[in-house]
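Here's the structure, in structure tokens; my notes come after.
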Amino acid sequence: IQEILEANNVSVEVPPLESSSNTITLRGSSINLGEAVKTVYLKADSYKLAHISAPNWLHKYLIGKSGSKIQKLTEGHLSKVHVEFVDDQISIDGPREEMEVVYEKLSKEVDELESKLTHVELKCDAKFHKHIIGKNGAGIEKLVQNKNVRINFPRESDSTGSNDAAMNIIRLEGDKSEIKDVAQQLRVLISRVENEKSEDIKIDQKFHRQIIGSKGESITKIKK
């Protein structure tokens, strides 16, 4: 705006960012307006906005830890190009040439990720999640060991109410060739914990040591 004013002695009024208006108003002498309008169109044409369709769950793979992946993809261009991840879409805007370079890199990365990765959602009552996760995450670690698969459990922030169905969903994301096996193992585990029952037996505490046995041998034998 300042450049146009200094070069053409014409003021430029741009609607505020929150406005839905597409109108830019130029004010000045008729002699200067023609060149000023030309400059505005040139500036608008040199700037480009585009969108890439990308499932929301893929965004974290594109962003990377602490933004490392997106920084690499936009290296040398991020100061001029703006990238925003919203819902199932990536918005990219900036100077045309710079923006097109970033757009091409991101599009290629999205295509590559979609060809390799997939996701599966399994239903499981949230009250059983701790039994599936296991102590210090041992249960989940065993399922995904040496596999490019991650298992995500819902957080309280994912739910809008105590009975929200989102709290009962376990989400698997990872390599298409490996996720099927992990999902099947998890289904078996879910079925087992959902069908387990518990019963309390009252036994005088003085007998507990005998039941447990030396280094837990007796209780281990009973459990087996």
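The values are calculated or read from the model by the stated rules, or taken from the named source; none is laboratory data. The model shown is predicted, which means the values in this text are computed figures rather than measured ones. In this analysis, Cβ positions are derived from the backbone assuming ideal geometry, glycine residues included, and neighbour counts consider all displayed protein chains. These area figures cover heavy atoms from the full protein model, side chains too; ligands, DNA and RNA do not enter into them. Shrake-Rupley method; radii C 1.70, N 1.55, O 1.52, S 1.80 Å.
Some points to look at:
Table: residues versus (1) under 38 Å from the mean Cα position of the chain (by Cα); (2) open to solvent by 50 Å² or more (accessible area, probe 1.4 Å); (3) closer than 22 Å to K127 by Cβ.
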{"site": "S177", "(1), (2), (3)": "yes, yes, no"}
{"site": "Q185", "(1), (2), (3)": "yes, yes, yes"}
{"site": "K197", "(1), (2), (3)": "yes, yes, yes"}
{"site": "I201", "(1), (2), (3)": "no, yes, no"}
{"site": "I211", "(1), (2), (3)": "no, yes, no"}
{"site": "K223", "(1), (2), (3)": "no, yes, no"}
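- Scanning region 87-119 for residues that are open to solvent by 60 Å² or more (accessible area, probe 1.4 Å) and in a strand (DSSP E or B) gives Q89, H119.
- Here A36 meets each of (1) part of a helix (DSSP H, G or I); (2) modelled with pLDDT of 90 or more; (3) of a type outside the set (S, T, Y); (4) closer than 30 Å to L106 by Cβ with one exception, condition (4).
- Those residues of region 144-165 which are under 21 Å from W57 (Cα atoms), outside any strand (DSSP E or B) and at pLDDT 85 or above, in sequence order: V144, K147, N148, F153, P154
- Here K38 meets the list (1) over 30 Å from E114 (Cα atoms); (2) open to solvent by less than 100 Å² (accessible area, probe 1.4 Å) almost entirely, failing just condition (2).
- Unmet requirement for E114, which otherwise passes all of (1) at pLDDT 90 or above; (2) over 16 Å from the mean Cα position of the chain (by Cα): (2)
- Residues within region 61-72 that are open to solvent by 20 Å² or more (accessible area, probe 1.4 Å) and on the phi < 0 side of the Ramachandran plot, tallied: 8
- Among residues of region 1-20, those that are assigned to a strand (DSSP E or B) and open to solvent by less than 70 Å² (accessible area, probe 1.4 Å), counted: 2
- Candidates Y41, Y61: the one that is among the aromatic types (F, W, Y) and either within 30 Å of D111 (Cβ to Cβ) or touching a residue at least 60 places away in the same chain (Cβ under 8 Å) (or both) is Y61.
- Any hit, region 126-149, residues being closer than 30 Å to L189 by Cβ and in contact with a His (Cβ under 8 Å, 6 or more places away or on another chain): yes
- Residue match in region 73-85 (condition: over 22 Å from E173 (Cβ atoms), in contact (Cβ under 8 Å) with a residue 40 or more places away in the chain, open to solvent by 30 Å² or more (accessible area, probe 1.4 Å) and assigned to a strand (DSSP E or B)): no
- Test: I170 is open to solvent by less than 80 Å² (accessible area, probe 1.4 Å), at pLDDT 90 or above and either over 26 Å from K127 (Cα atoms) or not in a helix (DSSP H, G or I) (or both): yes
- Candidates L122, L58, filtered to the one that is of a type outside the set (S, T, Y), open to solvent by less than 30 Å² (accessible area, probe 1.4 Å) and not in a helix (DSSP H, G or I): L122
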